[in-house]
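Contents: one structure, followed by commentary.
Each value in this text was obtained by applying a stated rule to the coordinates, not by laboratory testing. Nothing here was measured: the structure is a model prediction, and the numbers come from that model. Cβ coordinates were reconstructed from backbone atoms using ideal geometry, including for glycine residues, and neighbour counts include every protein chain displayed.
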Amino acid sequence: MNTPGWGGCGSLEQKSWSAPSDAAAGIGGWVRVAGAPADRSTYSWVSEAGLRWTGLVPGRARDALGAGRVLAIVRPALRQQVRDANAADGGARPAPDHEGVFEVAYQMQPGEHWVVTPDVQWVQHPGTTAATANATVAGLRLAWQ
């Protein structure tokens with residue numbers, strides 16, 4: 001029988017520096033952590049942190065450069081289940097451990113309504129296992145606001 005699910009998370013966001021000439025420009029950061037009971041989540045915990053610099057380029061006050069890191073740690077009990085299954089049947093399934101992402105993006109507003117965001121991510125252990133090669137992913141987001 002399943003019991004009601006629950007989990008917890010915390011988030012802190014703070015602007016740490018404002019440009020003297022423009023209060024909207026500056027550097028800020030964020031940290032987030034989340035977790036849930038073992039019967040509700042594959043992960044022991046997930047954390048995220050990063051920095052965002054708005055107004056980095058002179059004359060482009062609405063542009064922002066951001067960099068961040070996300071890390072998801074697989075529960076030790078799940079890793080052990082895979083090891084036990086391998087020992088029992090002679091399998092060679094890779095034990096899951098973690099997945100991490102480093103990301104850098106530059107959000108620009110070339111017009112009043114257009115927002116363009118090129119993005120590059122480096123994914124470590126895609127699928128939570130070292131058996132899968134790390135990946136680099138590039139993207140481009142276009143938005144009309």
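Under the 0.36 nm per residue contour assumption, what length would be gained going from the current alpha-carbon distance of GLU13 and ASP89 to full extension?
Computed gain between GLU13 and ASP89 is 22.6 nm.
Using +1 at the C-beta of Lys and Arg and -1 at the C-beta of Asp and Glu, which of GLY111, ALA95, TRP17 has the Cα lying farthest in the positive direction of the dipole of the chain?
Of GLY111, ALA95, TRP17, it is TRP17.
Between THR136 and VAL82, what is the FRET efficiency for a Förster distance of 25 Å, r being their Cβ-Cβ separation, to the nearest 0.05?
0.40
Please report the spacing between the Cα centers of segment 56-88 and segment 105-145 in Å, no decimals.
Between the Cα centres of segment 56-88 and segment 105-145 lies a distance of 14 Å.
If you fit an axis through the alpha-carbon atoms of helix 76-89 and take the longest principal axis of the Cα set of the chain, what angle between them do you get, 0 to 90°, nearest 10?
40 degrees
Rounded to whole Å and ordered largest first, report the semi-axes of the equivalent ellipsoid of the chain derived from its Cα gyration tensor (root of 5λ).
Those come to 39, 19, 13 Å.
Given R₀ = 41 Å, FRET efficiency for ALA23-ARG75 by Cβ-Cβ distance, to 0.05?
E between ALA23 and ARG75, to the nearest 0.05, is 0.40.
Choose one answer from VAL123, VAL101, VAL82: the residue with the largest mean-square fluctuation in a GNM of the chain with alpha-carbon springs under 10 Å.
Maximum among the listed residues: VAL82.
Which of ALA130, ALA36, ALA87 moves most in a GNM of the chain, Cα contacts under 10 Å?
Comparing ALA130, ALA36, ALA87 in the GNM, the peak value goes to ALA87.
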